[in-house]
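The values are calculated or read from the model by the stated rules, or taken from the named source; none is laboratory data. What you see is a predicted model, and the numbers here were worked out from it, not measured in a lab. When we count neighbours, we look across all protein chains shown, and the Cβ atoms used for this are built from the backbone with ideal geometry, even at glycine.
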Amino acid sequence: MRAINALLNRFNMYLVVRAYLGALVLLAIGLSLLDILPYQVLNIIGMNLYLVAVCVGVNWVLARFFRADTSLDSPLITALILTLILGPLSLAEHWFYLGALAVIAMASKYLLAWHGKHVFNPAAVAVVAASVVFSQGASWWVGTPLLVPLIVIGGAPVIQKIQRWRLVLIFIGAYTLFILAAGVWMGTVSEFSTAGRIIALPLASSPLLFFAFVMLVEPATSPRKKWPQIYFAVGTAALVVIFQYWLGIVYAFTLALLVGNVAARLMEPSLRYKLTLDSTIEETEDTMSFQFKKPKDFHYAPGQFMVWSLPHRHPDLRGTRRWFTLSSSPTEEQLMITMRFSDESSSFKQAIRHMEPGDHMTANGPGGEFTLPEDPDQPLIWLAGGIGITPFRSMAKHLYDTGETRDITLFYGNPTVESIVFKDMFDSVAPTIGLKPVYAITDETPESEEYESGIIDADMIKRHAPGYARAMFYLSGPQPMVEAMETMLRSLGIKRDRITTDYFPGYGDEQ
């Protein structure tokens, strides 16, 4: 799994999704050429190229009008989804219908938006419009049994990338239970063989899997937090079954998703902000902080993150978006993010490094559950590696500014003494907030006894935090480090519910 995550983190999330959907289209073309699928190859190709052209063109016009990001990610993904669930149709006969749905899908991003962020899945809006406006529902031809293996196998990296396994599995499980309950209620399930067929049919030849792996999990319109995800998955599954079995609505999946999108936004309101860079701070030789003017009435909890967007020329495969934890405290007048640079830093980081005071970038949020527990008497152990120190800087500064004291031991690993970030701040607030900082140096032997030599391990934790068994553990840093720390803590007998992690394996690496 670590190797898979490392490979996925080399690519932008949207590139992985496009590759997955493109592979489904190419497989369908190949199977149709071999007469294994009963579709006209020219219909698939023509429809796909036309939808791509219309989606990209309409998105470009609307983005310029609304002064938004003109990225190709969303229109390309929407066009591929529409290709796989509409038809396949003859372009000569259905050009107006297909073009109208592409326009509706892209327009929904800008017209059905809340505080600059779209509420509904664009493809779902188009499918509902196809039935309501044109009386021509989607065929969901991608649900053919021959494409199911690629839907699942190819979709697995996508779900791993965006960290939505909980959402997918709960939705499929809930949907299965609900259709069985509906069958029992209507008297169509009387024995195990009948129940087996009811379960197998949606999994083998229906929109269910494609819907779950592609449309349900769209990051912009689905919840990030645990319980909102559970409610969203169960509620959407229930609506699908109600619409299908009791109301007979043919576009049950997409209508249920649109209702779920509204619920998701209500459970996790996320706003888009245009932020102005105020100043930059050189923290270490390869680490910089960027301070932005805080919008009026902006509130967040220490430890939360935002999704930062910076369109720039010639973006690399990792794209124009990043998930960065706010290193500032809510008590401070500015919003601050901190990042580490290298000679091979991404185009995104190169672009932000060249920003000047007064320049702008956009950010969505805040979000995340990597926050302080409500119980002030709960002992805490913070484990950080490298730039993963940012949420702890936010928490420590907030505790200091609010005069709160907690029992906290901070273990902070870095390759060298010079690469430690925010050391002066942690040392200065430590006596006041009850913090005990432990700095571990991995790539050199420190001369001062102030530092520990080597990686953070079980023996180090036992020596500096003898009461570790009662503590809540917070882990933040590079994904391999976080996974290694989790394994080490489990060997100490720490239960999973006492470990909170803060890394974003679904959204690219930190370069």
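Give me the pairs, please: first residue somewhere in segment 447-466 and within 15 Å of residue 418 (Cα to Cα), second residue anywhere and loosely packed, with under 11 Cβ neighbours inside 10 Å, beta-carbon distance under 8 Å, and either six or more positions apart or on two chains.
453/445
Scan segment 84-110 for residues that are touching a His at 6+ places or on another chain (Cβ under 9 Å) and over 26 Å from residue 206 (Cβ atoms) and jot them down.
Listed by number, the residues that qualify are 109, 110.
Anything in segment 312-332 that is modelled with pLDDT of 95 or more and among the acidic types (Asp, Glu)? List them, or say none.
332, the sole residue that qualifies.
Which of the residues that make up segment 227-281 are under 30 Å from residue 356 (Cβ atoms) and among the basic types (Lys, Arg)?
Result: 272, 274.
Identify, please: which residue in segment 433-488 is hydroxyl-bearing (Ser, Thr, Tyr) and closer than 23 Å to residue 393 by Cα and is, among those, surrounded by the fewest Cβ atoms within 10 Å (Cβ to Cβ)?
453
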